[in-house]
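Have a look at the structure below before the remarks.
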Amino acid sequence: MSKPRIPVPTDVPGIRGLMAFRPETAKPMLMLAQALLRDPLPGSTLTRGERELIATVVSARNDCVFCATSHGAFAAAQIEDGARVVEAARRDPKSAPLSDKVKALVAVAEQVQESGRAVTDEAVAAARAAGATDSDVHDAVLIAAAFCMFNRYVDGLRAITPTDPAAYEAMVERILRGGYYGGSSISAS
């Protein structure tokens, strides 16, 4: 495991360790993650698990092991037959057992991951034709854009990335129980 580029708590893996270094920026990032991935979003038909899945696929395409693994675990815990579906989506979203709407929104998110200007009218039209609302399209684009930032933050500062799957399972319980932002303090638990 590589050493983080800034001093972080050794017992706080991933993005939370980086956030402990700079809580002033952690708060708005956690609030954004909470809004995008956990809170009800007016006009959205995406479930929490589907939103996490979009974050997972983008993170995997960005080769961000910590984010792809943690958000993959969060998605798997909230989707029926979760581990199998998440692994299939990480490998090839087009052939994964996802609804046509989610496949189309993941395709839009993959274009965002490449570049915001890579998003095509055809991809957005395909998402709408598959049942996505304007809010769904908006949210898929913003999730993808936010995770490009989160992924670069985690990898750019070389956050601690656990290799033990049990570390990610502990994170699942925290996220499902309390979400990403529970108030004023930044902590790993």
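Of note:
- Pairs are defined by a Cβ separation below 7 Å, a sequence spacing of at least 6 or placement on different chains, a first member in region 157-179 that is in contact (Cβ under 8 Å) with a residue 60 or more places away in the chain, and a second member that is surrounded by 13 or more Cβ atoms within 10 Å (Cβ to Cβ) and of a type in the set (D, E, K, R); the pairs so defined are GLY179/ARG38.
- Candidates ASP63, ASP100, ASP11 - the one that is touching a residue at least 24 places away in the same chain (Cβ under 8 Å), over 18 Å from ARG177 (Cβ atoms), surrounded by fewer than 16 Cβ atoms within 10 Å (Cβ to Cβ) and within 13 Å of the chain's Cα centre (by Cα): ASP63
- Verdict on ILE79 being buried (at least 18 other Cβ atoms within 10 Å of the Cβ), under 18 Å from GLN111 (Cα atoms), in contact with a Leu (Cβ under 8 Å, 6 or more places away or on another chain) and not polar (S, T, N, Q): no
- For beta carbons closer than 8 Å, sequence separation of 6+ or different chains, a first residue in region 25-41 that is among the β-branched types (Val, Ile, Thr) and a second that is modelled with pLDDT of 95 or more, the qualifying pairs are THR25/MET19.
- Which numbered condition ARG16 misses (of (1) of a type in the set (Lys, Arg); (2) over 19 Å from ASP164 (Cα atoms); (3) assigned to a helix (DSSP H, G or I)): (2)
The values are calculated or read from the model by the stated rules, or taken from the named source; none is laboratory data. Quantities reported herein were computed from a predicted structural model and do not represent experimental measurements. Positions of Cβ are backbone-derived with ideal geometry, glycine not excepted, and every protein chain shown enters the neighbour counts.
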